[in-house]
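Colleague: Mind having a look at this structure? Questions to follow.
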Amino acid sequence: AIIVLDFGSQYSRLITRRVRECHVYSELVPASTTLAQLQENEHLDIKGFILSGGPSSVYDEHAPSCDPAILASGLPVLGICYGMQLLALQMGGHVALSHGLREYGPATIEVVEDAAADAQNFRIFEGISASPEQTKDLDPEHGSQTLRMPVWMSHGDSVDRLPEGFRILARTDSNPVAAIAHPRGYIGLQFHPEVTHTPQGTAILRNFLFRICHCEESWTSGKVIEEAVELVRERVGNERVICGLSGGVDSAVAALLIHKAIGDQLTCVFVDTGLLRAGEREQVVETFGNHMHIPLVVVDARKRFLDRLANIVDPEQKRKIIGEEFIRIFEGEAERLAEKNGPIAFLAQGTLYPDVIESTSHDTAQTAKRIKTHHNVGGLPDEMVLQLVEPLRMLFKDEVREIGQALGLPDEWVWRHPFPGPGLAIRIIGAIDEERLETLRTADAIVIDEIRKAGIYRQLGQAFAVLTPIQSVGVMGDGRTYANVVAVRAVTTGDFMTADWARLSPDLLGKIANRLVNEVAAINRVVYDITSKPPATIEWE
Ligand code: XMP
């Protein structure tokens, strides 16, 4: 494994993902993690370390540092940005402060002459050639030996005295020390190889992984499945497991992995809250029950949810009621199953690695302000005595999709947009009743259908319809109508923390609007939401 120490950069997680994309297992750990702590986990075959960037300055009073034992371990260390400065400082060099001045953005690094002559030092840039548009920058007198390449720079402070045995590999116009190396496998890069704005970044990371750390490409979906299955078997033994299916990809893949591991010791429970999208319940039954032959219980709780939600307008109130009701129903079902078939010891959850990273105390992590309570993330009731089994807790979303595919989950599930736990309830602004639910469900299906037909479903982070509480006047045939306004929302996003409204083509928007007003009697006007997040959120409630 490659261990990434998190010094608080917004890119720390991305480094871990990039390493895994190269089929090398990687974990992100808080900066304060010691070598001894890491060695406690005998499954971790550590091949090297990456020190991430971070917002601090190395001489700040509370600047995070790295366990000296890591640097002395004899394993290769790649320091990126702050990580490079820390590496230089802790190895005996010196850093010049910029006092808050930061240069952030595109830059061009130039490999210093004769750096390439020292093969031992140069492995981080080995085999990397200048891209065609850079060749014209080359100095004709010196032939084409000088490597220049575009990088994404983030540089405030800079290394101004190298530790012993280090040498400079590259510079930029404004920074004479853009990359450093020591023959024993210490590398410092002042720029960010992990971002796509550094086009040769992946090649540089690959050099670190394969030429310097001698990693093997062993992190593949086959291997991930094999290991997860093994871990589930170890943890669960002969006990029984219950797993709630939500209709989303995470719980589906968790269920498939567990079923592969322990077969019919697993029972899946699907609660039909009545707040689901069109056809969702049927799909769950078809895929899991009929196709995959996983023991499945479907609970029809539509009336219970509708009754409890009657006249509730406040979004947080809706979330609270739905969360509580869901857990109550789930518990009831677990008890019923236990009475019927014997005790259940485990609850399966589709927790992903980003949730795990967020909940471990990273030194520099900011506690994000709670904007909306997300009920299905976290909160198990105290009285529930089930142990957790979380087969996805070391996986990123894209890895979950990949193994879902490998396990035979239909494409439609694998690539499904996320859907909030409280479902359509928070897409009906104001009070919820059966009629409004049906209106929104039909509208949503039309929006998604047109987006799929346009071939852009996968490019979007989320797309859906919102039923507003506004009634507007329209005209249809000879008659005046007074009906609902529906809003269409479509966003592009990487991590759902920020999002931009999708530039859907006017033709597509026209088609969607046309179908909505023609096919859904309760709708006579359609608007498109063109706010980004922030300041808006993705959902309307
Ligand atoms: P917002 O609206 O906060 O949404 O920009 C960000 C992402 O979270 C989803 N979301 C929820 N998911 N329970 C959930 O499970 C909730 O209460 C909830 N509220 C929002 C939203 O769909 C988007 O993907």
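Here, each number is a calculation from the coordinates, and none is a lab measurement. The model shown is predicted, which means the values in this text are computed figures rather than measured ones. Reconstructed Cβ throughout: ideal geometry from the backbone, glycine too, with neighbour counts over all protein chains shown.
Colleague: Could you bin all the Cα-Cα distances of the chain into 20 Å bins starting at 0 and give me the percent of pairs in each, rounded to whole numbers?
Modeller: Final binned percentages: 19, 44, 30, 7, 0.
Colleague: Could you please tell me the mean projected area of the C-alpha convex hull for segment 290-359, averaged over all directions and given in square nanometres to one decimal?
Modeller: Over all viewing directions, segment 290-359 projects a mean Cα-hull area of 7.5 nm².
Colleague: Would you mind pulling out the separation of the Cα centroids of segment 168-202 and segment 226-257, in Å?
Modeller: 42 Å
Colleague: Could you tell me what % of all Cα pairs in segment 221-414 have separations over 31 Å?
Modeller: 18 percent
Colleague: Right, something else. Among the listed pairs K303/K511; K260/K533; K511/K533; K223/K533, give every one whose C-alpha distance is greater than 32 Å.
Modeller: K303/K511; K260/K533; K223/K533
Colleague: Can you list the HN-Hα couplings for segment 82-88, worked out from phi with the Karplus curve (6.51, -1.76, 1.60; θ = phi - 60°), rounded to whole Hz and with x for Gly and Pro?
Modeller: Per residue, the Karplus-derived 3J(HN,Hα) values read 3, x, 5, 5, 5, 4, 4 Hz.
Colleague: Next question, about the same structure. If packing is taken as the average count of other Cβ atoms within 10 Å, what order do 331-340, 147-156 fall into, highest mean first?
Modeller: Top of the packing list down: 147-156, 331-340.
Colleague: Ranked highest first by average number of other Cβ atoms within 10 Å, how do 195-201, 166-172, 41-47 line up?
Modeller: The packing order, highest mean first, is 166-172, 195-201, 41-47.
Colleague: Can I ask one more? Just the Cα atoms of segment 474-540: what Rg and Dmax do they give in Å?
Modeller: 14.4, 48
Colleague: OK, next. Working from Cα positions, state the angle (0 to 90°, nearest 10) between the long axis of helix 12-21 and the longest principal axis of the chain.
Modeller: 90 degrees
Colleague: Continuing with this model, one more query. Let a ≥ b ≥ c be the square roots of the eigenvalues of the Cα gyration tensor of segment 1-78; is it rounded (a/c under 1.5), or, if not, prolate (a/b larger than b/c) or oblate?
Modeller: Verdict is oblate for segment 1-78.
Colleague: Given the peptides 512-524, 268-280, arrange them by the average over their residues of other C-beta atoms within 10 Å, most packed first.
Modeller: Packing order, densest peptide first, comes out as 268-280, 512-524.
Colleague: Are there chymotrypsin sites (Phe, Trp or Tyr not before Pro) in segment 70-122 that DSSP marks as loop and that have at most 12 other Cβ atoms within 10 Å, and which are they?
Modeller: Here no chymotrypsin sites (Phe, Trp or Tyr not before Pro) fit, given the DSSP loop and packing criteria.
Colleague: Further question on the same structure: Per the helix-only calculation at 222 nm, which mean residue ellipticity applies to the chain, given -39500 (n - 2.57) for every DSSP H run of n ≥ 4 and division by its residues, nearest 500 deg cm²/dmol?
Modeller: -9000 deg cm²/dmol
Colleague: Next question, about the same structure. Let me know the Rg and Dmax you get for segment 427-528 when you use only its Cα atoms, in Å.
Modeller: 13.9, 48
Colleague: Compute the orientation-averaged projected area for segment 2-212 from the convex hull of its Cα atoms and round it to one decimal in nm².
Modeller: 11.1 nm²
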